[in-house]
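Colleague: A single structure is presented below for examination.
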Amino acid sequence: MMDRRKSLQTLILGGAAATSGLVFNSCKTENGETVDEAIATTSEKYFGRTPAELDRIEKLNAEQLFNEHEMETIAALSVVILPPKEPHGGPIEAEVPELVEFMGKDIPDMAPTLLGGLMWLDHKSNTEFGTEFKSATLAQKKQICDEICWHDTEKPLSEQPLEIQFFYTMRGLTVTGYYTSKVGIADLGYKGNSPNVWDGVPQDVLDQHGVAYDPEWIAKCVDQSQRNVIAEWDDEGNLLT
């Protein structure tokens with residue numbers, strides 16, 4: 001599974017390309033390889049993160065981008081964007097605020113938007129309601145967010161007000177961060193693929209279209225005695241089970 005960092009980088013860079021008209025194609029690395037070639041070469045050597053990636057993650061984790069108040073404000077905004085649900089929880093349980101800080105350090109160009117947006121939230125809340133954003137009521141927080149949650153799709157995001165860019169970024173980080181966490185995956189009920197498990201199209205869908213499986217045919221396609229049996233190979237690559 002793609003890790004959360006790469007998922008969010010894809011989201012952010014993809015959003016930037018969509019709003020600015022940029023297309024990334026066959027980018028070259030310093031040694032002349034295309035990005036695809038570099039990824040393929042690295043994948044052959046390592047499973048998961050490379051030593052260089054692990055070193056960078058350790059370095060970024062040792063740095064601090066947001067102070068305590070800003071982290072609390074991020075937490076408050078994240079639960080407005082994606083309210084917690086029982087029994088799994090929400091962005092706080094999924095450590096979305098910590099992920100937002102990490103991404104702000106991992107992609108430095110994002111940091112000014114995040115920091116500026118947090119300042120804007122408090123200024124707006126203090127002006128409108130006489131209190132900082134994290135201390136405002138839920139209704140007041142929603143009122144503020146309602147003013148910045150839409151952007152003009154006819155022009156690049158980078159040309160729109162800072163607060164619009166900020167909310168767009170925070171919404172993407174919150175939702176993607178949550179649903180790439182264990183908490184979010186549990187909320188979705190996704191358990192991944194199971195070996196030799198296929199029960200066909202759900203019965204309610206079959207009923208909706210007035211069709212049914214032929215029992216003899218389905219028995220030939222799915223061997224229910226092999227459910228959850230994981231295939232094994234010998235050292236020479238021969239299938240054992």
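The values are calculated or read from the model by the stated rules, or taken from the named source; none is laboratory data. The structure displayed is predicted, hence computed values, not measured ones. Glycine gets a Cβ as well: all are built from the backbone with ideal geometry, and neighbour counts include every protein chain shown. For the accessible areas, the whole protein counts, side chains as well, though only heavy atoms, and no ligand, DNA or RNA atoms are used. Shrake-Rupley method; radii C 1.70, N 1.55, O 1.52, S 1.80 Å.
Colleague: If you plug each phi of the stretch 134-149 into the Karplus form 6.51 cos²θ - 1.76 cosθ + 1.60 with θ = phi - 60°, what whole-Hz ³J(HN,Hα) values come out, in order, with x for Gly and Pro?
Modeller: These are the phi-based 3J(HN,Hα) values: 5, 9, 6, 6, 4, 4, 5, 4, 5, 4, 5, 5, 4, 7, 10, 8 Hz.
Colleague: Can I ask one more? What number comes out for the charge environment of residue 166, summing +1 per Lys or Arg and -1 per Asp or Glu over other residues with Cβ under 13 Å away?
Modeller: -2
Colleague: What's the tally of Lys pairs in the stretch 68-188 whose alpha-carbon atoms lie under 24 angstrom apart, where the two lysines are 8 or more places apart or on different chains?
Modeller: For the stretch 68-188, qualifying lysine pairs total 10.
Colleague: Could you tell me the relative contact order of the stretch 68-188? Use alpha-carbon pairs under 8 Å, at least six residues apart, and round to a whole percent.
Modeller: RCO, the stretch 68-188: 34 percent.
Colleague: With the full set of protein chains in place, find how many percent of the accessible area of the stretch 68-188 is carbon and sulfur; take the probe as 1.4 Å.
Modeller: In the stretch 68-188, the share of accessible area belonging to carbon and sulfur is 55 percent.
Colleague: Probe radius 1.4 Å, ligands and nucleic acids left out: which of 71, 119, 103 has the largest accessible area, and how do the rest follow?
Modeller: Of 71, 119, 103, the descending order of accessible area is 119, 71, 103.
Colleague: Residues with amide H under 5 Å of residue 89's amide H, sequence separation 5 or more or different chain, H placed in the peptide plane at 1.01 Å from N; which?
Modeller: It is none; the list stays empty.
Colleague: Right, something else. Averaged per residue, what accessible surface does the stretch 68-188 expose to a 1.4 Å probe, in Å²?
Modeller: 49
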